[in-house]
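Data block below; observations after.
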Amino acid sequence: MQPILADGNGGALFWELLVNGLVMGSLFALIALGYSLVYGIIELVNFAHGDLFMLGAAMTYTLTALAVSWFGTVTPGGMSFAIVLGLLLIVPFFCGGANILIDRAVYRPLRRAPRLVPLVSALGVSFVLVNIGQLWIGTSPLSLENKAQLVSDDSLIQMGEVPLKWKDAVVLITVVPVMVGLTWLVKFTRLGKAMRATAQNLVAAQLMGIGVERVIASTFFVGGYLAGLAAVVYTLKIGRIEYQMGFQNGLYAFTAAVVGGIGNIPGAVLGGLLLGFIYSFGGGYSQGNWVDALIFGVLIVLLIFRPTGLLGSRSREKV
Amino acid sequence: MALLEITDLRSGYGAIEVLKGLSLKVEAGEIVTVIGANGAGKTTTLMTISGCVKARDGRISFDGNDLASVPAHEIVKRGLAQSPEGRKIFPRLSVLENLEMGAFTRNDKPGIREDIEKSFQYFPILKERQKQLGGTLSGGEQQMLAIARALMSRPKLLLLDEPSLGLAPMIVLKIFDVIRELNRQGMSVLLVEQNARMALRLAHRGYVMETGTITMTDKAEVLLNDPRIQAAYLGE
C-alpha cells in the first residue's frame, strides 16, 4: 500500500487525490479489461491474470537493468525516453504472448469441461506464475529507481497549487490512446466483430465461419498486452516491484471488472476508475487504513443492488 | 453425385456415442427431412456436418469433397450453412448486425447489401425490426432471423434444425412457406424436425432416425401414409 502524501491544505489535497485516483483507476482499468475480455468470451475468471501483470513488472525491471548495464547511468531525458518507449513496445508483447501460451497449454484442453475445472487450473497457473516471479526477481521488493530514474519527479504542468507529475502524466498519456484503440478494435475491425459474436454465442459464431479458437487466442493476447502495458506504467509510477504484487492488484482489478459488469468493456473502465477513486480518497483520508474495507464494502453493497454490475447486461437469449 | 452424402457416420460427446453409423444423402435441389424423437441424434447429425462436433468415423462428402477433417469455420466457405436448434441469435447485436455476421466469410459489400434486401423480402418483419437487438425479438422473429442469417453466406445446402420448435402454428406455416419458396429458387435443404407431419408435407424425401441410425427412408408422401410412421410420429 502506498501511503498518500497529505501535504498542503484541504483543497489542494482533494485535487491531488483526484489526480491520483484517475491514475490508479486507469491502471486498475487496464488490468480489469484483461479479466473482462477473457470472461466475456469463455466465461473463465482467469485468476492468473494479476500474476501475469507481475511478470510484466519483472520484465520491465529486468529490461531496465539491462539497459542500464549497457548505457551506464540513465537520467530523465532523451535516453530514458527511448528506454520507456522500448519498454512500452516489448513488455506488452511479452505478456500477450505468455497469455496465449497459458491458454494454449492449460485452458484450451479444458474448453468443453465444466466451468469449475478451468477455474481451478487458473488458480494453479496463478501459483506457478508467482513462483516464476519469485525465482526471477527474488522475494524482497526491488526498487526500479535505484537502477535508473526513467521518469522525472518533476511536474509536467502546475494546475493552481496542484502539480500534474510526469509519472502520472505518463500513465494517462499511455492509457487514454490505448482505451480508444481498444474501443475501435472491438467496434470496427473484423477481429472485433468476431470477438463480439464469439462472446455472445460461441457455437453460432462457429456456424458463421468464425475461427473461434483464433479469436480466443487473440483475446488472451489483447488481455495480456493490456496487463503488460499496465505493468510498465505501474512500475514507472510506483517505482517498486515485488513478486506478490500481482495478487492485490489483480484482486482490485477483478473487483473493478465485476463492479463494472464483467464481460463489459466500458464497464471494466468505469469500474477501474471508480476503484481508483475509492483507493485514492479512501487511502488519503484514512491514511491507508480502510482502503480494502472500503473497496470491498462498495463491491458488496453494489452487487446486492446491481448483481450484474454497473453496466452488466441483463438481456437473455430466448430459447 | 449427391450434393451431400453421409456414409456410416459415427460421432458423439466424450464417452457417449450418439451417431452409430448414420448414412443419408441429399441431392441438389431436394428438400430432405430427418424425423425422429427427442434424443435420436438429429441435432448431433447437423452439428457433425457443420464440424462443431468431430466425426469419429465414416465419411461426409459434400459437393465432391470430404468434410470430415475440415474445421468448422472452413465449412461455411464450402457452401454449408445452418440455422441451429434454439436459433442461437446474437442477443446483443441488432438484426442487421446479425445478418452481417452471417456474411462473415464474404467481403463483397454490394452483394451482401443485396442479400440483406433479399432476406427482408422473404421476412418483411425483419426489415421493421432491423435496428432492434436480436435478444428482444419474439421466438418466431428469431427463427426467421436465424434462417435469413444462414442464407447470408450464400450456401448450396441449408441445414435447418427444428425451425418449428415452440412457435405458433401460423408462424410455422409462414416459415415453411419461405423454405418451400427458397427451394423453388434452387436451394437444397436438409430439415431436421420433430413436427413430422409438417416436415413430410414439405419435403421430397424423408429419413426416420432412431437412437443414432436411420431405420427407414422413402419418398415423403410414402412415409406420410405408412401406418408405422403414422402410429409412431404422426399421432394417429
Considering the range B:64-113, residues that are among the acidic types (Asp, Glu) and free of Cβ contacts under 8 Å to residues at least 40 places away in the same chain, and then whichever is farthest from B:ARG149 (Cα to Cα), we arrive at B:ASP66
Going through the range B:121-136 in order, the residues found to be within 22 Å of the chain's Cα centre (by Cα) and either within 11 Å of another protein chain (Cβ to nearest Cβ) or open to solvent by 10 Å² or more (accessible area, probe 1.4 Å) (or both) are B:GLN121, B:TYR122, B:PRO124, B:ILE125, B:GLY134, B:GLY135
Exception for B:ILE16 within (1) free of Cβ contacts under 8 Å to residues at least 40 places away in the same chain; (2) within 23 Å of B:VAL208 (Cβ to Cβ); (3) within 17 Å of the chain's Cα centre (by Cα) falls at (3)
Considering the range A:160-215, residues that are surrounded by fewer than 23 Cβ atoms within 10 Å (Cβ to Cβ) and among the hydroxyl-bearing types (Ser, Thr, Tyr), and then whichever is farthest from the other protein chains (Cβ to nearest Cβ), we arrive at A:THR174
Within the range B:137-157, residues touching a strand residue (DSSP E or B) at 6+ places or on another chain (Cβ under 6 Å), within 12 Å of chain A (Cβ to nearest Cβ) and hydrophobic (A, V, I, L, M, F, W, C) come out as B:ALA146, B:ALA150
Residue count, the range B:31-54, condition open to solvent by 30 Å² or more (accessible area, probe 1.4 Å) and touching a Ser or Thr at 6+ places or on another chain (Cβ under 7 Å), comes to 1
Can you find a residue that is outside any helix (DSSP H, G or I) and more than 27 Å from B:GLU30 (Cβ to Cβ) anywhere in the range B:136-153?
yes
Subset of the range B:186-201, residues under 16 Å from B:ALA28 (Cα atoms) and not β-branched (Val, Ile, Thr), comes to B:GLY186, B:MET187, B:SER188, B:LEU190, B:LEU191
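Conditions tested, residue by residue: (1) touching a His at 6+ places or on another chain (Cβ under 8 Å); (2) acidic (Asp, Glu); (3) more than 30 Å from A:LEU311 (Cβ to Cβ); (4) surrounded by 14 or more Cβ atoms within 10 Å (Cβ to Cβ).
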{"residue": "A:PHE14", "(1), (2), (3), (4)": "no, no, no, yes"}
{"residue": "A:MET24", "(1), (2), (3), (4)": "no, no, no, yes"}
{"residue": "A:ILE41", "(1), (2), (3), (4)": "no, no, no, yes"}
{"residue": "A:ALA57", "(1), (2), (3), (4)": "no, no, no, yes"}
{"residue": "A:LEU66", "(1), (2), (3), (4)": "no, no, yes, no"}
{"residue": "A:GLY72", "(1), (2), (3), (4)": "no, no, yes, no"}
{"residue": "A:LEU87", "(1), (2), (3), (4)": "no, no, yes, yes"}
{"residue": "A:GLY96", "(1), (2), (3), (4)": "no, no, no, yes"}
{"residue": "A:ALA105", "(1), (2), (3), (4)": "no, no, yes, no"}
Filtering the range B:1-26 down to residues that are of a type in the set (Asp, Glu) and under 23 Å from B:ARG78 (Cβ atoms) yields B:GLU5, B:ASP8
Inside the range A:266-292, the number of residues satisfying the requirement of being among the aliphatic types (A, V, I, L, M) and at pLDDT below 90 is 1
For the range B:186-199, state whether one or more residues are under 15 Å from the mean Cα position of the chain (by Cα), more than 20 Å from B:VAL76 (Cβ to Cβ), assigned to a loop (DSSP other than H, G, I, E, B) and in contact (Cβ under 8 Å) with a residue 60 or more places away in the chain. yes
Flagged in the range B:88-106 as open to solvent by 10 Å² or more (accessible area, probe 1.4 Å) and more than 13 Å from A:GLY209 (Cα to Cα), in numbering order, are B:LYS88, B:ARG92, B:SER94, B:LEU96, B:GLU97
The number of residues in the range A:244-264 that are aliphatic (A, V, I, L, M) and open to solvent by 40 Å² or more (accessible area, probe 1.4 Å) is 2
Within the range B:182-236, the count of residues that are open to solvent by 70 Å² or more (accessible area, probe 1.4 Å) and acidic (Asp, Glu) comes to 3
Among strands (runs of 3 or more DSSP E) entirely within the range B:22-115, at least 2 residues that are within 13 Å of chain A (Cβ to nearest Cβ) and under 17 Å from the mean Cα position of the chain (by Cα) occur in B:80-83
Given (1) in contact with a helix residue (DSSP H, G or I) (Cβ under 9 Å, 6 or more places away or on another chain); (2) among the β-branched types (Val, Ile, Thr); (3) closer than 21 Å to A:THR60 by Cβ, A:THR139 misses just (1)
* Quick one: would you say A:ALA231 is small (Gly, Ala, Ser) and within 8 Å of another protein chain (Cβ to nearest Cβ)? -> no
Filtering the range A:132-159 for residues that are surrounded by 12 or more Cβ atoms within 10 Å (Cβ to Cβ) and part of a helix (DSSP H, G or I) leaves a count of 8
Listed by first then second residue, the pairs whose first member lies in the range B:210-236 and is within 17 Å of B:LYS20 (Cα to Cα) and in the same structural domain as B:ALA199 (by TED's automatic domain parsing), whose partner is hydroxyl-bearing (Ser, Thr, Tyr) and assigned to a strand (DSSP E or B), with beta carbons under 8 Å and at least 6 positions apart or on separate chains, are B:ILE214/B:SER23; B:ILE214/B:TYR207; B:MET216/B:TYR207; B:THR217/B:TYR207
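The values are calculated or read from the model by the stated rules, or taken from the named source; none is laboratory data. The structure displayed is predicted, hence computed values, not measured ones. Methodologically, a virtual Cβ is constructed for each residue, glycine included, from the backbone with ideal geometry; neighbour enumeration extends over all protein chains shown. These area figures cover heavy atoms from the full protein model, side chains too; ligands, DNA and RNA do not enter into them. Shrake-Rupley method; radii C 1.70, N 1.55, O 1.52, S 1.80 Å.
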